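Student: One structure, pasted below without further comment.
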Amino acid sequence: MIDGCPTHAMVLAAGLGLRMRPITENLPKPLVPLGGRTLLDRALDHLEAAKVESVTVNLHYLGHMIKNHLATRTNPRIEFSDETAQLLETGGGVTRALSSLGENPFYVANADIAWEDGPEPALTRLTRFWRDEAMDALLLLYPVSQATGYDGAGDYCLASNGVLKRPRGNPKAPFVFAGVQLLHPRLFKNAPSGPFSLTHLYDTAEGAGRLYGIVHDGTWHHIGTPTGFAEAEVLFRKSRAFDEEAYGE
């Protein structure tokens with residue numbers, strides 16, 4: 001377990017959102033509202049609740065709109081990593097922002113997902129499971145069979161001790177990476193320059209036996225297409241209606 005809570009995080013918000021068109025023709029995907037609150041704010045709300053002090057948000061497509069949207073947000077403190085000149089993908093984006101992410105493990109969350117916590121916040125569960133001597137990356141997973149808005153074949157197989165393996169020879173895997181993770185800066189020690197996917201570094205960590213995962217015990221929605229977004233909206237409304245009935249709101 002980490003001694004204290006991670007104080008730094010990054011939200012990946014530089015994607016083009018091409019599969020979400022026409023919704024994203026004039027709106028960056030992180031600012032798409034789900035249940036009346038943007039995907040970006042939902043991620044930041046989770047990080048704020050986890051007592052994260054500083055969050056770096058990378059920018060590319062319609063980045064000025066994201067900057068304007070966050071201008072009045074004071075908690076957590078927001079820093080920007082501008083990728084307007086060149087989109088660096090997930091790995092390149094985090095690598096560029098490392099100087100703002102501190103020397104200890106930090107959270108990274110995608111801005112094209114929405115999750116609701118189970119009995120314990122997902123970020124807290126990641127922190128509790130972390131073992132610094134054994135891990136370079138700890139990924140939040142979700143069962144493919146339960147995933148909404150996701151039509152892929154899965155990403156990882158999970159051992160009983162939390163070690164992750166990508167399937168070899170069989171394209172299907174029982175768990176999809178949920179876009180929320182805890183990473184140590186040493187994962188980026190030999191990172192390439194320029195654009196690259198974080199998957200490259202996951203593969204390196206996997207080869208060293210230092211890639212781990214836990215399964216999310218709440219709900220999770222991948223917001224990748226208008227159809228997936230509509231499905232998430234329906235399910236979110238149902239869960240909110242249940243909460244309001246249960247708590248008399």
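The values are calculated or read from the model by the stated rules, or taken from the named source; none is laboratory data. Worth saying up front: this structure is predicted, and the values here are computed from it rather than measured. A quick note on method: Cβ atoms are made from the backbone with ideal geometry, for glycine too, and the neighbour counts reach across all protein chains shown. Heavy atoms of the whole protein, side chains included, go into the accessibility calculation; ligands, DNA and RNA do not. Shrake-Rupley method; radii C 1.70, N 1.55, O 1.52, S 1.80 Å.
Student: Inspect all residues belonging to the stretch 176-192 and state whether any of them is open to solvent by 70 Å² or more (accessible area, probe 1.4 Å), out of contact with any Lys or Arg (no Cβ under 7 Å at 6 or more places or on another chain) and free of Cβ contacts under 8 Å to residues at least 12 places away in the same chain.
Tutor: Checked the stretch 176-192: at least one residue is open to solvent by 70 Å² or more (accessible area, probe 1.4 Å), out of contact with any Lys or Arg (no Cβ under 7 Å at 6 or more places or on another chain) and free of Cβ contacts under 8 Å to residues at least 12 places away in the same chain.
Student: Of (1) part of a strand (DSSP E or B); (2) at positive phi, Gly154 satisfies all except one. Which?
Tutor: (1)
A quick yes/no check of all residues on (1) of a type outside the set (Lys, Arg); (2) touching a Pro at 6+ places or on another chain (Cβ under 9 Å); (3) farther than 22 Å from Val215 by Cα:
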residue	(1), (2), (3)
Lys67	no, no, yes
Thr124	yes, no, no
Arg128	no, no, no
Leu140	yes, no, no
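Student: I would also like to ask the following. Would you tally the residues in the stretch 70-120 being in a strand (DSSP E or B) and acidic (Asp, Glu)? Write out each step before concluding.
Tutor: First, pick out the residues of the stretch 70-120 that are in a strand (DSSP E or B): 77-82, 106-110, 113-116.
Subsequent filtering for residues that are acidic (Asp, Glu) retains 79, 82, 116.
Residues meeting the conditions: 3.
Student: Hey, Leu47 hits all of (1) under 18 Å from Trp220 (Cα atoms); (2) of a type outside the set (Lys, Arg); (3) assigned to a loop (DSSP other than H, G, I, E, B) but one; which does it fall short on?
Tutor: So the condition that Leu47 fails would be (3).
Student: Another question, then. Could you run through the stretch 76-133 and say how many residues are basic (Lys, Arg) and either buried (at least 16 other Cβ atoms within 10 Å of the Cβ) or within 17 Å of the chain's Cα centre (by Cα) (or both)?
Tutor: The total comes to 2.
Student: With more than 15 Å from Gly228 (Cβ to Cβ), modelled with pLDDT under 95 and open to solvent by less than 70 Å² (accessible area, probe 1.4 Å) as the only criterion, which of Leu40, Leu27, Leu44 stands out?
Tutor: Residue meeting the stated conditions: Leu27.
Student: Next question, about the same structure. Among the residues of the stretch 198-210, which ones are assigned to a loop (DSSP other than H, G, I, E, B) and buried (at least 18 other Cβ atoms within 10 Å of the Cβ)?
Tutor: The answer is Arg210, and nothing else.
So that you can scan it fast, the table gives a plain yes or no per residue for (1) among the hydrophobic types (A, V, I, L, M, F, W, C); (2) touching a Ser or Thr at 6+ places or on another chain (Cβ under 9 Å); (3) at pLDDT below 95:
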position	(1), (2), (3)
Tyr150	no, no, yes
Arg166	no, yes, yes
Ala178	yes, no, no
Phe188	yes, yes, no
Ala208	yes, no, no
His222	no, yes, yes
Gly228	no, yes, yes
Glu249	no, no, yes
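Student: Okay, next question. Just to be sure, is Pro195 touching an Asp or Glu at 6+ places or on another chain (Cβ under 7 Å) and either open to solvent by 50 Å² or more (accessible area, probe 1.4 Å) or of a type outside the set (Lys, Arg) (or both)?
Tutor: So Pro195 fits the description; yes.
Student: Still on this structure: Which number in (1) surrounded by fewer than 17 Cβ atoms within 10 Å (Cβ to Cβ); (2) not in a helix (DSSP H, G or I) marks the one condition that Thr56 misses?
Tutor: (1)
Student: Being surrounded by 17 or more Cβ atoms within 10 Å (Cβ to Cβ), among the charged types (D, E, K, R), out of contact with any Asp or Glu (no Cβ under 7 Å at 6 or more places or on another chain) and without any contact (Cβ under 8 Å) to a residue 40 or more places away in the chain, is that true of even one residue in the stretch 146-168?
Tutor: So far as the stretch 146-168 goes, yes, one or more of its residues are surrounded by 17 or more Cβ atoms within 10 Å (Cβ to Cβ), among the charged types (D, E, K, R), out of contact with any Asp or Glu (no Cβ under 7 Å at 6 or more places or on another chain) and without any contact (Cβ under 8 Å) to a residue 40 or more places away in the chain.
Student: Please tell me if Lys67 is open to solvent by 60 Å² or more (accessible area, probe 1.4 Å), in a loop (DSSP other than H, G, I, E, B) and modelled with pLDDT of 95 or more.
Tutor: No; evaluated as a whole, the condition is false for this residue.
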